[in-house]
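Each remark here refers to the structure printed beneath this line.
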Amino acid sequence: KDRSRYAPVSSLLPTCWSRGHPRQWAAMGSASSTLSECCSARFDRSMCGLNDSFLGEDAFYRDAFYDCNEGNKSHDGLFAKAREQVALKMRKASVAGSYAAFTVKSRSGVGDALSACVKPDACTKSGPEESAHLRTPKTHGNSLAAVNEYPDGPPWLNNTMEEWTATELPQTGKGPFWSKGHGSGFKVRAGPDYRKSGLKTESSGSMYQAISCDAIRASEKLTDIVTKHCHGKLPHAPKFPESDRGGGLPMEWTKDCPLPRVICINLMLPYTTGLVPMRKDAGCSFVGFFHITPETIQAASSPEAPPAVRLFREFWQGPAGTPDSPIDNPDRSLFARVDPKKKKDQQRGLFKCIAHCLNPQDLRVPEMFHTYNGKPCLITKCGYIVKDPNLEWMEIGVDVRGFNMLARKMLTAFRQLLPRTKIHYGFLIQGVDDDDMPEGILCDMFVHGCNMMDDPVCVDGDKPMRPLRLGSSSAPLLR
């Protein structure tokens, strides 16, 4: 009866929220389209494109659509993007459906077989017949003393996991071990014209050699490993084989080298999915140190350096945090290197990691998951980078908490199978143009039979923590 009580139809159009300020979408059929503004604003996380759904940021396609006049092709590209998004959602839905079906089967009987996969003796140390292939840790224990008592570095460094030195892989279920990588076994981009061909080739060699791998944890999430937990103490240079010496002493790193001597990779794994915001999850960290090889030192100073060396040299010169910079410094985030106007897979110079399980036949997981084995993963928003002011080391952290919910759920649901895995980890810098090809492995290592619940050692010092056992009352719930 009182028409003034009812809002006009135009006010019922969807409203975008930009940092708390409402803004009306352009009316359908408007001649002055604000589409470009909407799309560009979406990249800086200030538009309705911000989506914290349980399937990740791109779970639903929310860009504005406009009616086009007949014969007008100005917005046809929108529908191509829509098709791309629909295909992505179908793939995600397929993975989610496969995981759900597997979960139902697990609860109906297969779960008993899964729990039986990890025998009590599967995670024990190796027997006497395997001791010849191991580098025995110098110290053990879950509570470590103050670092100032150890001038050569913290006692956990290179002492929490044994190095496997045999050429063959260890027995399934034995561990935790780590072994040096050789840079091969990965599929990397290759030219010519990768943008169109999508050609890939086998990787060959790596620029940095693994010198240690440790599993650690604390009462809080571990970041800035070199400065806060190693107190600036770096591992010593390894002894390279005779073939790398060129008939004399091996080339040694100096400050004149345009690349860092040591790279530290901090892989941070959560114990929970993060669905409960108030729950604190310190998780654990797997920390790997890598040392530059003599071949890389020589190639880095050459005007005709290989493409992979040139890519990493540019990456090393890019934005990064410093040891004394605040944690919210934008330069610390690997996302600072992303161009929001381009697709990430079409941008050179981004950091990528690859996890290749060598024994998927020993794991009872959905078959579809095997198709993602060995596929590269771009690290941007969930990664940090810190660079030494003296240009001797660089630290890169990868926080799995920043992955989408489905990935975190699969990690927590299948972590009981990790002690049976043999995984080859590789890290590289993304190439796009022909001058960047083929991509090269920056550093890599093998990790065998690691239990993320039992194996990490506490580095709090005065706060000893016993390992968490799967199924114990102190183990975090799978939420």
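The values are calculated or read from the model by the stated rules, or taken from the named source; none is laboratory data. Quick caveat: nothing in here was measured; it's all calculated off a predicted structure. In this analysis, Cβ positions are derived from the backbone assuming ideal geometry, glycine residues included, and neighbour counts consider all displayed protein chains. Please note that ligands, DNA and RNA were not included when accessible areas were found on the heavy atoms of the full protein model with its side chains. Shrake-Rupley method; radii C 1.70, N 1.55, O 1.52, S 1.80 Å.
Structure notes:
- Screening ARG348 with (1) assigned to a helix (DSSP H, G or I); (2) in contact (Cβ under 8 Å) with a residue 24 or more places away in the chain gives one miss only, at (1).
- Whenever a residue of segment 248-260 is modelled with pLDDT of 80 or more, its partners that are loosely packed, with under 11 Cβ neighbours inside 10 Å, lying with C-beta atoms within less than 8 angstrom and at least six residues away or across chains, give the pairs LYS255/ASN390.
- Restricting segment 169-208 to residues that are more than 23 Å from the chain's Cα centre (by Cα) and small (Gly, Ala, Ser), the residue that is surrounded by the fewest Cβ atoms within 10 Å (Cβ to Cβ) is SER197.
- Segment 277-289, residues that are aliphatic (A, V, I, L, M), closer than 27 Å to ILE423 by Cβ and outside any strand (DSSP E or B): ALA282
- Residue count, segment 290-318 (criterion: part of a loop (DSSP other than H, G, I, E, B) and either in contact (Cβ under 8 Å) with a residue 40 or more places away in the chain or closer than 12 Å to MET394 by Cβ (or both)): 5
- Test for CYS377: is it in contact with a strand residue (DSSP E or B) (Cβ under 7 Å, 6 or more places away or on another chain) and either farther than 21 Å from VAL262 by Cβ or without any contact (Cβ under 8 Å) to a residue 12 or more places away in the chain (or both): yes
- Those residues of segment 320-339 which are free of Cβ contacts under 8 Å to residues at least 40 places away in the same chain and either in contact with a helix residue (DSSP H, G or I) (Cβ under 6 Å, 6 or more places away or on another chain) or more than 16 Å from MET394 (Cα to Cα) (or both), in sequence order: PRO326, ASP328, ASN329, PRO330, ALA336, ASP339
- Residue that is part of a helix (DSSP H, G or I) and open to solvent by 60 Å² or more (accessible area, probe 1.4 Å), where the choices are ASP324, ASP331: ASP331
- Looking across segment 364-413, the residues that are aliphatic (A, V, I, L, M) and either open to solvent by 30 Å² or more (accessible area, probe 1.4 Å) or more than 29 Å from ILE211 (Cα to Cα) (or both) come down to VAL365, MET368, LEU378, LEU391, MET405, LEU406, ALA407, MET410, LEU411, ALA413.
- Any chance GLU314 is closer than 30 Å to PHE240 by Cα and surrounded by fewer than 17 Cβ atoms within 10 Å (Cβ to Cβ): yes
- Single residue of segment 419-428 satisfying the filter (open to solvent by 10 Å² or more (accessible area, probe 1.4 Å) and touching a helix residue (DSSP H, G or I) at 6+ places or on another chain (Cβ under 9 Å)) that is nearest to VAL309 (Cα to Cα): LYS422
- Residue count for segment 281-306, restricted to those that are open to solvent by 30 Å² or more (accessible area, probe 1.4 Å) and among the polar types (S, T, N, Q): 3
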